[in-house]
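Notes for the one structure printed next.
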Amino acid sequence: MKKKISGASAQGARNACTLAAAVAAAMMMVPGAAQADIVIGEVAGTKLSMFGIIDVGLLYNSKANASGDSRTSMETSGLRQTVIGFKGERELQPNLTAFFNLESHFDTNDGFLRGTGDAPRGGTNNTPLFRRQANLGVRGDWGSVTVGRQYGPALLAHIGTEPRAFKEQFSNLYAWAYGQLFTTANAAGGDRNTNNDVGIFFSNAVQYRHTVGPVNFGVLYAFGGQPGSAKDNSSYALGATYNGPITLSASYQAMNDEQTGKSNIEHTSLGFAIPFGDFIWKNNWMNAKNDARTGAELADINGFGTGLDWKWHAKNSATVAYYINKDDRNKTDETKFLVISNDYQWRPDTTLYVQFAYADADAGATLRTSIVAAGVTAGEKSTLLNVGLNFMF
């Protein structure tokens, strides 16, 4: 296993970083987005529904520790996160609809609520019941405004350009998350921002989203709630996607320190995707700068991924992807990955997945450069195989 990073254990980081990324799953947060769900009630003009994903499989790692031992384990959420959620909406007047979203996150293998990347409260790192979403909003043809805990617009902007669409295992979802965790999840008195959960979920936030022609964008601001300063503990995020003959994506977000207002984290990402026939070529770059409140640089992480999707059968989609992630502040923290996968859709809501990864980790490799939830062994070349079933409703 990997060494600790900035006082956070590998296990704690792993618990913090199981996340949503599929287009269908991630777009659950976008007000008005079409999705399969179960209507559980409709009374006096108020529609209530529920949705969920159950995902579990087996993961083999050829070198799970420095001794070279292999490991086979049951793993939750290999393709997508396991969640259950509730939502509702009611029309207030023509072109004005109120809505809410509640979404919880748990592990299929043991039934426990998933851990969090939030800053500890009251001396403990409490696990929120609705880690992913707890929000209320209004929408119309002018866009939407959402208030409360919610997905930020940055990661959503790149779902179409990340080589594996930010799948739960073996994508740069974890490099994104680990690169935005460690300076914002410390205890009181340390470098932290209490509104950021691994750069994907934001508390105390208000977000405006809209689509103008081929461009979909979101702007989010999370209130710091600190006396005497609007900047202390605040966060903001921007993300936009252009969907034309090609797909272009761009995002920027920053999280400010709880006490000083200085940026703990600045994260930038760019991507593009080019379709041709049954293939889509995807490319995504991201950079995460981690600073202490003193201004000292803690990490400067660059991640790049390129990949090719191939729809080779009506029910089968294959992907080949290559990732190279490194911390420019720590030259020995670099990991390279080759990923080959296939998703077989028995039906649109039920998928059997097989995914293979070959990892080449430098001697100083850390979770910050990993595409694997539990990380890979530093200084080793290892192979990983993940087979599982994803059930959506």
- Do we find a residue being surrounded by fewer than 17 Cβ atoms within 10 Å (Cβ to Cβ), touching a residue at least 60 places away in the same chain (Cβ under 8 Å) and within 23 Å of the chain's Cα centre (by Cα) anywhere in the range 241-248? yes
- Message: Checking L384 against (1) over 18 Å from K311 (Cα atoms); (2) open to solvent by 50 Å² or more (accessible area, probe 1.4 Å): exactly one of these is not met. Which one?
- Response: (2)
- Note on the structure: Here the qualifying pairs (Cβ atoms under 9 Å; residues six or more apart or on different chains; first in the range 130-145 and of a type in the set (A, V, I, L, M, F, W, C); second outside any strand (DSSP E or B) and open to solvent by 50 Å² or more (accessible area, probe 1.4 Å)) come out as W142/N95
- Scanning for something among the small types (G, A, S), open to solvent by less than 10 Å² (accessible area, probe 1.4 Å) and either closer than 30 Å to K282 by Cα or free of Cβ contacts under 8 Å to residues at least 40 places away in the same chain (or both), does the range 180-198 turn up at least one residue? no
- All positions within the range 264-318 that are modelled with pLDDT of 95 or more, among the hydroxyl-bearing types (S, T, Y) and open to solvent by 30 Å² or more (accessible area, probe 1.4 Å): T268, T306, S317
- Message: With the requirement that a residue be in a strand (DSSP E or B), at pLDDT 95 or above and open to solvent by less than 60 Å² (accessible area, probe 1.4 Å), what does the range 319-330 give you?
- Response: T319, A321, Y323, I324, N325, D327
- Message: Can you tell me which condition Q259 does not meet? The list is (1) part of a loop (DSSP other than H, G, I, E, B); (2) touching a Gly at 6+ places or on another chain (Cβ under 7 Å); (3) farther than 30 Å from S382 by Cβ, and all the others hold.
- Response: (2)
- Could you tell me whether G261 is under 20 Å from the mean Cα position of the chain (by Cα), open to solvent by less than 10 Å² (accessible area, probe 1.4 Å) and not aliphatic (A, V, I, L, M)? no
- Only one of V206, V147, V212 that is modelled with pLDDT of 95 or more, closer than 24 Å to I246 by Cβ, open to solvent by 10 Å² or more (accessible area, probe 1.4 Å) and out of contact with any Ser or Thr (no Cβ under 6 Å at 6 or more places or on another chain): V212
- Count, please, the residues in the range 322-368 that happen to be more than 20 Å from W176 (Cα to Cα) and β-branched (V, I, T). 4
- Query: If you go through the range 68-88 one residue at a time, how many are assigned to a loop (DSSP other than H, G, I, E, B), within 17 Å of the chain's Cα centre (by Cα) and among the hydroxyl-bearing types (S, T, Y)?
  - Reply: 2
- Message: Contact list please: Cβ distance under 7 Å, first residue in the range 100-119 and without any contact (Cβ under 8 Å) to a residue 12 or more places away in the chain and farther than 11 Å from F130 by Cβ, second residue open to solvent by less than 10 Å² (accessible area, probe 1.4 Å) and among the aromatic types (F, W, Y), pairs at least six apart or on different chains.
- Response: none
- Message: Let me confirm something: among A222, A250, A240, which residue is farther than 12 Å from L156 by Cα and small (G, A, S)?
- Response: A222
- Message: For the range 266-296, which positions are in a strand (DSSP E or B), in contact with a Lys or Arg (Cβ under 6 Å, 6 or more places away or on another chain) and over 16 Å from Y242 (Cβ atoms)?
- Response: E266
- Query: Under 8 Å by Cβ, and 6 or more places apart or on different chains, what pairs join a residue from the range 372-385 that is in a strand (DSSP E or B) with one that is of a type in the set (V, I, T) and open to solvent by 20 Å² or more (accessible area, probe 1.4 Å)?
  - Reply: L385/V354
- Task: Just give me the residues in the range 215-234 being open to solvent by less than 20 Å² (accessible area, probe 1.4 Å) and either touching a residue at least 60 places away in the same chain (Cβ under 8 Å) or in a loop (DSSP other than H, G, I, E, B) (or both), in sequence order.
- Result: G218, L220, G224, N233, S234
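The values are calculated or read from the model by the stated rules, or taken from the named source; none is laboratory data. Note that this is a predicted model, so its numbers are computed, not measured. Backbone-built Cβ (ideal geometry, glycine too); neighbour counts: all protein chains shown. For accessibility, only protein heavy atoms count, side chains too; no ligands or nucleic acids. Shrake-Rupley method; radii C 1.70, N 1.55, O 1.52, S 1.80 Å.
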